[in-house]
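This report concerns only the one structure given below.
The values are calculated or read from the model by the stated rules, or taken from the named source; none is laboratory data. In this text, all values refer to a predicted model and were calculated from it rather than measured experimentally. With ideal geometry, Cβ positions are generated from the backbone for all residues, glycine too; neighbour counts draw on all protein chains shown. The area values use the complete protein model at the heavy-atom level, side chains included, leaving out ligands, DNA and RNA. Shrake-Rupley method; radii C 1.70, N 1.55, O 1.52, S 1.80 Å.
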Amino acid sequence: MAGATDTPWWSNAVFYQVYPRSFADSNDDGVGDLDGLTARLGHLQELGVDAIWLNPVTVSPMADHGYDVADPRDIDPLFGGLAAFERLVTAAHQRGIKVTMDVVPNHTSSQHPWFRAALAAGPRTEARDRYFFRDGQGPDGAVPPNNWESVFGGPAWTRVVEPDGEPGQWYLHLFDAEQPDLNWDNPEVFDDFEKTLRFWLERGVDGFRIDVAHGMAKPEGLPDAKDNSTVLRHTDDDPRFNNPNVHAIHRDIRTVVDDYPGAMTVGEVWVTDNRRWAEYLRPDELHLGFNFRLTRTEFDVTEIHDAIQNSLAAAALVDATPTWTLSNHDVGREVTRYGGGEAGLRRARAMAMVTLALPGAVFVYNGEELGLPDVDLPDEVLQDPTWERSGHTERGRDGCRVPMPWSGDTPPFGFSGSADTWLPMPEDWAALTVEKQRADAGSTLSFFRQAIELRRARAEFEGTAIDWLTAPADALIFRRRAGGLRCVLNAGSRPIPLPQGEVILASVPPAGGALPPDAAAWLV
Ligand code: ISL
């Protein structure tokens, strides 16, 4: 490992994102859980990842599958409770795998004791000051306080029935109505969040993924937005997000995390402008920030080049470590985004090589190592609140959250002992199980294992800078400046000649010194 002494562990780590509902089910209720994950840690060790990022597992009514937190300092019984979490941390650490977990500071569940107390207390009480309760507009207050929309569709405000039984104030929820936004101007909110961070750090957690890290702070007076009606998307100037006061919150969070040497944060920062994105990565704020450009990029060589170059430039503004992510539980899987089928899979493998060749931290979303595509789910099984809130115009994110196929020839493919999995698994995943792919040296899983192993072991991956080399049309070539690794991507429709050198990995075998279309190669 490069620079073990002076380089923090996360600066070139491969993180593996576990969507706990969908990873492995130990108690046969059709939903994945932490003991299921602990039992499958061998898969992660073989894959060679450095750390796990766990999507939320704290106590939740699951209106947004854990992003609606009712108790941030306990594990939901659905996932096995606190004892299962402690078993996971111990077992992962024994295998040399770090554990990082999601924390959700922007909002709570509507079932959180604070919110229930706020409802019971009535208007203009201290209990309501932990959230955004406002009177409505119009003579009888029946019009929401401003025009903000929920990210999942529909208004970002819900009117409550007051203790006297009459319709009364409205509360703000940038996401589902079951996810009321917290008022971070109230000092109790940070004090409680600090307790949460310390609670998990004391239990051995190695870091946090901070949900909606560009949220939390709201502009004075909650002014109307120009247009915020696009579901699951927003622009940098949207008043719901990216308020400059959020940086003071990140500095406070950093002070807490710095009490635990080696602990880190990675923020979900949906901000496009390089300068504004980089503000979150200043030395006293987040350690890492997701840069989502490649999740919004077609398989097009110019777009890919520009996304990489911009991500590097953004991180360089504040001397931060770049991060690379092709997909997660919110954005469609790359196999499907790149066209699906054989071509989609080839392109996804090629792009995995591009990201794993870059300096910085790489995030792999569970199932990516199997080449899983999105699943076309029937209406009646959809669970993402986006589906209902958008009036059935946006299908939401369930298609990229289908459980992992482990073994056997029929659903649920060893994921669970119950055939009634929380989302149905497609029959044709029989060819994609971990079991089948482990036994096949040419599988996507074997390919990921080789790629991660090379990245970990070879000195050619050292250093933090890259140079772009001259490449044929529809191709790109970059070189790690210190280590010398070259990565070639052919995003065109014809084979391209490979440069001189030894090919240490290719996503499709080169033929006659040429790299086929939709393929990547690493050369030393
Ligand atoms: O959806 C987005 C971009 O695709 C963003 O606009 C938005 O910030 C994002 O949906 C926030 O996601 C995170 O918080 C949500 C949760 O549903 C997501 O799963 C989580 O990643 C609410 O907690």
For this session: Go through (1) within 16 Å of the ligand (Cβ to nearest atom); (2) touching a Phe, Trp or Tyr at 6+ places or on another chain (Cβ under 8 Å); (3) not charged (D, E, K, R) and name the single condition residue 49 misses.
Result: (1)
Problem set entry | Scan of region 395-413 for residues that are assigned to a loop (DSSP other than H, G, I, E, B) and crowded, with 18+ Cβ neighbours inside 10 Å, ordered by number | 396, 397, 401, 402, 403, 404, 405, 406, 411, 412, 413
Problem set entry | Conditions (1) open to solvent by less than 20 Å² (accessible area, probe 1.4 Å); (2) in contact with a helix residue (DSSP H, G or I) (Cβ under 8 Å, 6 or more places away or on another chain); (3) within 16 Å of the ligand (Cβ to nearest atom); number of the one not met by residue 231 | (1)
Exercise. Among the candidates 494, 456, which residue alone is outside any strand (DSSP E or B), at pLDDT 95 or above, of a type outside the set (Asp, Glu) and more than 26 Å from the chain's Cα centre (by Cα)?
Worked result: 494
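Could you pull out the residue among 421, 410, 393 that is more than 15 Å from the ligand (Cβ to nearest atom) and under 30 Å from residue 149 (Cα atoms)? Steps first, please.
Details: 421 fails: under 30 Å from residue 149 (Cα atoms); 410 fails: under 30 Å from residue 149 (Cα atoms).
Step by step, each of 421, 410, 393 is checked, and only 393 is more than 15 Å from the ligand (Cβ to nearest atom) and under 30 Å from residue 149 (Cα atoms).
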Problem set entry | Hits in region 300-331 - residues which are over 21 Å from residue 283 (Cβ atoms) and surrounded by fewer than 15 Cβ atoms within 10 Å (Cβ to Cβ) | 300, 302, 306, 309
Problem set entry | Checklist (1) crowded, with 24+ Cβ neighbours inside 10 Å; (2) of a type outside the set (Val, Ile, Thr); (3) in contact with a Phe, Trp or Tyr (Cβ under 8 Å, 6 or more places away or on another chain); (4) closer than 23 Å to residue 333 by Cα applied to residue 34, failing item | (4)
Seminar exercise, completed: Residues in region 257-288 that are within 13 Å of the ligand (Cβ to nearest atom) and within 23 Å of residue 100 (Cα to Cα) total 6
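Quick one: would you say residue 108 is in contact with a Pro (Cβ under 8 Å, 6 or more places away or on another chain), modelled with pLDDT of 95 or more and surrounded by 15 or more Cβ atoms within 10 Å (Cβ to Cβ)?
Answer is yes for this residue.
Taking helices (runs of 4 or more DSSP H) that fall entirely within region 276-363, which contain at least 3 residues that are under 30 Å from residue 250 (Cβ atoms)?
The qualifying helices (runs of 4 or more DSSP H) are 301-316, 341-357.
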Exercise. Is there a residue in region 57-73 that is away from the ligand (no atom under 16 Å from the Cβ), surrounded by fewer than 21 Cβ atoms within 10 Å (Cβ to Cβ) and of a type in the set (A, V, I, L, M)?
Worked result: no
For this session: Please work out which one of (1) within 30 Å of residue 471 (Cα to Cα); (2) in a helix (DSSP H, G or I); (3) away from the ligand (no atom under 16 Å from the Cβ) is the condition residue 380 fails and give its number.
Result: (1)
For this session: Check region 259-282 and report whether any residue there is open to solvent by less than 60 Å² (accessible area, probe 1.4 Å), of a type in the set (Asp, Glu) and farther than 21 Å from residue 13 by Cα.
Result: yes
Seminar exercise, completed: Counted residues in region 142-187 being part of a loop (DSSP other than H, G, I, E, B), within 16 Å of the ligand (Cβ to nearest atom) and acidic (Asp, Glu) come to 2
Problem set entry | region 188-216, residues that are on the phi < 0 side of the Ramachandran plot and within 14 Å of the ligand (Cβ to nearest atom) | 208, 209, 210, 211, 213, 214, 215
Problem set entry | Evaluation of residue 383 against (1) out of contact with any Lys or Arg (no Cβ under 8 Å at 6 or more places or on another chain); (2) among the polar types (S, T, N, Q); (3) open to solvent by less than 10 Å² (accessible area, probe 1.4 Å); (4) over 22 Å from residue 506 (Cα atoms) (one fails), failing number | (3)
For this session: Output the number of residues of region 234-258 satisfying the condition of being assigned to a loop (DSSP other than H, G, I, E, B) and buried (at least 16 other Cβ atoms within 10 Å of the Cβ).
Result: 8
